[in-house]
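The values are calculated or read from the model by the stated rules, or taken from the named source; none is laboratory data. Here the structure is a predicted model, which is why all the values come from computation and not from measurement. Glycine gets a Cβ as well: all are built from the backbone with ideal geometry, and neighbour counts include every protein chain shown. Just the protein is used for accessible areas: all its heavy atoms, side chains included, with ligands, DNA and RNA removed. Shrake-Rupley method; radii C 1.70, N 1.55, O 1.52, S 1.80 Å.
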Amino acid sequence: MSATTHLTYRGEIDGLRAIAVLSVILFHAGIPGFSGGYVGVDVFFVISGYLITLTILDAIAKGRFSIVDFYERRARRILPALFLVVSVTMPFAVWLLPPVDLHAYAKSLIAVATFSSNVLFYRSSGYFAPDVELLPLLHTWSLAVEEQFYVLFPLVMAALWPRRARAAVVSLVVASVASLGFSAWASGRFPELAFYLLPTRTCELLSGALLAVMHALGVRTDQGRGATARAVVGLGLVCAAIFFFDDDTVFPGVAVVVPTFGAWLLIANAGATDVVGRVLASPPLRGIGLVSYSAYLWHQPILAFAHRAEDTVPLALTVGLIALTFGLAWLSWKFVETPFRDRARFSRRQIFALSLIGSVALVAIGLVGHASEGFAASYAARLDEDSARVHALVAENTEGVLYDQMQDDGACRFWSRTVTEEFKARFAACAEKGRAVVVLGDSHAMNVFNLLAHATTAAGHTPFLVGLSQGGCRPIDAKPKCHYAPFSAFLDAHRAHIDRVLFHQSGSYLVTDRHGRFDSDAAFVADDAFTVATETISRTVAWAGELQARVPLTFVGPFPESRRAFDDPVRLARRGLTLNASALAANAAVDDALAARARAADPPIPYVSIHALLAIEPSELVVDGCLTYRDRDHMSLCGERLFAQRLLARGALPLLGLTHVDSDAFDAGPP
C-alpha cells in the first residue's frame, strides 16, 4: 500500500476524531460516565502522527517535499481558527477574570502565540486540579506539544527517507520505547511534567508515524480475517479508557498504551468495507470529525467562562453549552478553516504574513496584560456592590507579607528565619535573665509565634519567647536554606538556656489528595478527597522524638486552614464568606493521627491540639469585620489577635509552658 493511496480521504478517521473530541468535551463538561475522556487527546496525537507522516512521505516520494511548504500547511490548518477563538475569549476574560487570573491569562496568550502553553501550564497548574475548569486556554497545551514535535520531525524524516528507511524505522521504534519508558518512570514521580511535556508524549505521535511508515512500505494492515476483529479490539480499548480511566489513573505512564494502541488498531484495521469502519464513517460521526478541531478550540473557553459565571452549572445549561460549542465549530470550520486552506484564496505570502501579525498581536496584548498585572488598577470599578465589599475586605486584611509582620517587643520576644549572628547576640543577652521557649517550624509556626506573642501580652506575661521558622521548611524534607541544622548546632551550645521547644508545622503537608500530592487544593474538594499521610506523620513524630531526647519538646498540632482563594472576590462573595469545611475535616483527621502517634511514642511526646483549643467554625472566616485569614492557609494580623484571645481564654498558655518562664526582667530589653 503506497503513501499516495493512504492520502485519499478516509471517513473512518474523521469518525475516530469525533470519538476523540466528544470524549474530551464530555469529560471537561463533567458529564457522568466519561471520567477518562481526557484520553481523546491521546487519540488525536496518534491520528496526527499518522496523517502528518503520510503527508511528509508522500511529498518526499514525489520529490516535492519542502520544509517551507510543510509549515505553510501547518499554519493554514492550525492558526486561523486558533486566532479567532483566542480573540473571542479576550473580552470575556476582561469581564469575568479577577486581576490575578487575568494576569495568568495574559501569560497564556504569549504561550499560545509561541506554542509553549504546555510548559506554562506544567509550571503553573495540574490538569486535574479542582479549579482547572476555570482556565480558558488550558487546552492549548496539546497544540503546543504537537507543534514542538513537528519542529524537527519532518527534517529527520526527510534526511532518512527513503534511502535509509531501515534507520528511520529503528529510530522511530527506539524513540517511542524511550519516550514510553520515561513516561512510565515520570508519571508517578512528576505527574505534571509527565502530563504536559513533549518527551512523555512523543511515543503517541510516533506510534501513528510508525503506522504511516508501515503503509508507505507496502504493509497491508486492513486485510484478512483478523482485520475486523482487531478493529473491534481497538475500539474496545479506546472506549475502555474513556469510560474506566479517571483522575486517579496514573497517566500517561503505562496506561497511555490503552488508548494509544486502541487508536493505532483502529487506524490500521478499520476500513470502508468492515462494520467498524462503516460505523466510524457514518454521516453523524464523520460530520463531527470534520469540525473536531474547531470544536476542541471552542469547548474549553465556553465551559471555563460558564463556570466563572456560575459555581454550579446545571445539566441543562451544560447540554446547551455543548450544543453551542458545535454550532460555533461548524461556523468556524465553514467560514474560517475551509477558506484559509484554499491556496487559491490565500497565498503562501498572505498566510505567513497573517500568521506573523496574529502571533505578534497576541504577544503584545499578553505583555500589556502582564505588565498591568491583569489590569488590576481598574478592577474594583467593574465589581458589583457585594463583590466590591469583599474585595475591599480582602485588600484591607491581606496587605503586606507575613515575614514583615512578625511580633517583636524590642526585648526578649523576637523571631528569626534561622540562626544568625544577630539572633545569637540577642539570645545570649536574654539568656542572662532566664530560659527561652523556642517556637520551631515552618511558615505556620510563624503564625503560632505571633498568636503566642499576642496571648502572652494580653495575659500580662513577658516570657523569653523566640521564633525560628520560615516558609517551606519542614524537618523531614528540609532544604539547605532551612534552620533545623543550624538550630541543632545552636542547641548543643545553648541547651541550658532553653526551657522547651514548641514544634509546629502545616497540616496540609501531612495529608494528600487522590494523586498522593501534598498541599494540594484537590485534597479539600470533598470530605473523602484526602488521605492522611500516616508514613509522613510517623517520620515527623520520630524526628520530634529525637529532638525531645535533647530538649523538652511539645508538639503543637496544626491549626485549620481556610483553603479559600481570595483572589476572586466575585466567586468568594457568591460562595459565602466561610472556611472550606472539607479542609476543617482534613485538619481534624491529621490532628487526631498526630496526637495518637505522639502518645504512642517512647517516651510519649506532649501534644497540644490547637485545632481543639481554637475550635474554629466554618462561619469564622469573617468575625466582627476581621477577615481571619490572609490566604488559603495563613492567618491574618487581625485573625492572629482574635484567635490569640481564644487561646488565652481556653487555658492554652499553661499547656504550652508559657506561664512559669516569664519574668519582669525581660521587660527591660537586652543589656
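Summary of values
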item	result
Which numbered condition S387 misses (of (1) open to solvent by 20 Å² or more (accessible area, probe 1.4 Å); (2) more than 21 Å from S488 (Cβ to Cβ); (3) in contact with a helix residue (DSSP H, G or I) (Cβ under 8 Å, 6 or more places away or on another chain))	(1)
Qualifying residues in the stretch 80-120 (those that are free of Cβ contacts under 8 Å to residues at least 24 places away in the same chain and more than 22 Å from the chain's Cα centre (by Cα)) - the one surrounded by the most Cβ atoms within 10 Å (Cβ to Cβ)	S87
Lone qualifier among V551, V525, V532 - being within 30 Å of L383 (Cβ to Cβ), touching a helix residue (DSSP H, G or I) at 6+ places or on another chain (Cβ under 9 Å) and either at pLDDT 95 or above or surrounded by fewer than 20 Cβ atoms within 10 Å (Cβ to Cβ) (or both)	V525
First in the stretch 597-626 and open to solvent by 60 Å² or more (accessible area, probe 1.4 Å), second anywhere and assigned to a helix (DSSP H, G or I), Cβ under 6 Å, 6 or more apart	R597/I537; R597/V541
Test: residue in the stretch 427-439 that is within 28 Å of T628 (Cα to Cα), within 35 Å of the chain's Cα centre (by Cα), touching a residue at least 24 places away in the same chain (Cβ under 8 Å) and buried (at least 22 other Cβ atoms within 10 Å of the Cβ)	yes
Residue ID - modelled with the highest pLDDT, chosen from residues in the stretch 358-401 that are touching a Lys or Arg at 6+ places or on another chain (Cβ under 8 Å), part of a helix (DSSP H, G or I) and farther than 15 Å from P98 by Cα	G366
Residue count, the stretch 477-511 (criterion: under 24 Å from L584 (Cα atoms) and open to solvent by less than 50 Å² (accessible area, probe 1.4 Å))	9
Test for V132: is it without any contact (Cβ under 8 Å) to a residue 24 or more places away in the chain and open to solvent by 60 Å² or more (accessible area, probe 1.4 Å)	no
The one condition in (1) modelled with pLDDT of 95 or more; (2) polar (S, T, N, Q); (3) within 30 Å of A93 (Cα to Cα) that T578 fails to fulfil	(1)
Of the criteria (1) free of Cβ contacts under 8 Å to residues at least 12 places away in the same chain; (2) touching a Leu at 6+ places or on another chain (Cβ under 8 Å); (3) under 20 Å from V39 (Cα atoms), which one A167 fails	(3)
Residue that is farthest from Y38 (Cα to Cα) [pool: residues in the stretch 256-273 that are in a helix (DSSP H, G or I) and open to solvent by 20 Å² or more (accessible area, probe 1.4 Å)]	W264
Which numbered condition V39 misses (of (1) open to solvent by less than 20 Å² (accessible area, probe 1.4 Å); (2) not in a helix (DSSP H, G or I))	(2)
The listed residue being over 22 Å from V254 (Cα atoms), surrounded by fewer than 20 Cβ atoms within 10 Å (Cβ to Cβ) and either modelled with pLDDT of 95 or more or out of contact with any helix residue (DSSP H, G or I) (no Cβ under 8 Å at 6 or more places or on another chain) (or both), out of R220, R189	R220
Answer residue from the stretch 306-332, given it is open to solvent by less than 30 Å² (accessible area, probe 1.4 Å), at pLDDT below 95 and not polar (S, T, N, Q) and is farthest from T140 (Cα to Cα) among those	V313
Helices (runs of 4 or more DSSP H) (entirely within the stretch 289-353) containing at least 1 residues that are among the aliphatic types (A, V, I, L, M)	292-309, 315-332
Filter result for S48 (touching an Asp or Glu at 6+ places or on another chain (Cβ under 7 Å) and either assigned to a helix (DSSP H, G or I) or at positive phi (or both))	yes
From R514, R539, residue being in contact with a strand residue (DSSP E or B) (Cβ under 9 Å, 6 or more places away or on another chain) and either within 27 Å of D477 (Cα to Cα) or open to solvent by less than 10 Å² (accessible area, probe 1.4 Å) (or both)	R514
Condition met for D404 (touching a Phe, Trp or Tyr at 6+ places or on another chain (Cβ under 7 Å) and free of Cβ contacts under 8 Å to residues at least 40 places away in the same chain)	no
R563 being over 30 Å from A496 (Cα atoms), modelled with pLDDT of 90 or more, of a type in the set (D, E, K, R) and part of a loop (DSSP other than H, G, I, E, B)	yes
Given (1) open to solvent by 30 Å² or more (accessible area, probe 1.4 Å); (2) over 26 Å from the mean Cα position of the chain (by Cα); (3) of a type outside the set (S, T, Y), number of the condition H215 does not satisfy	(1)
Any hit, the stretch 233-248, residues being open to solvent by 30 Å² or more (accessible area, probe 1.4 Å), closer than 29 Å to E12 by Cβ and not hydrophobic (A, V, I, L, M, F, W, C)	yes
Subset of the stretch 333-346 (residues that are of a type outside the set (D, E, K, R) and either in contact with an Asp or Glu (Cβ under 8 Å, 6 or more places away or on another chain) or open to solvent by 50 Å² or more (accessible area, probe 1.4 Å) (or both))	W333, F335, T338, A344
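So that you can scan it fast, the table gives a plain yes or no per residue for (1) touching a His at 6+ places or on another chain (Cβ under 7 Å); (2) open to solvent by less than 10 Å² (accessible area, probe 1.4 Å); (3) β-branched (V, I, T); (4) at pLDDT 90 or above:
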position	(1), (2), (3), (4)
Y122	no, no, no, yes
L137	no, yes, no, yes
W141	no, yes, no, yes
A144	no, yes, no, yes
V151	no, no, yes, yes
V156	no, no, yes, yes
A165	no, no, no, no
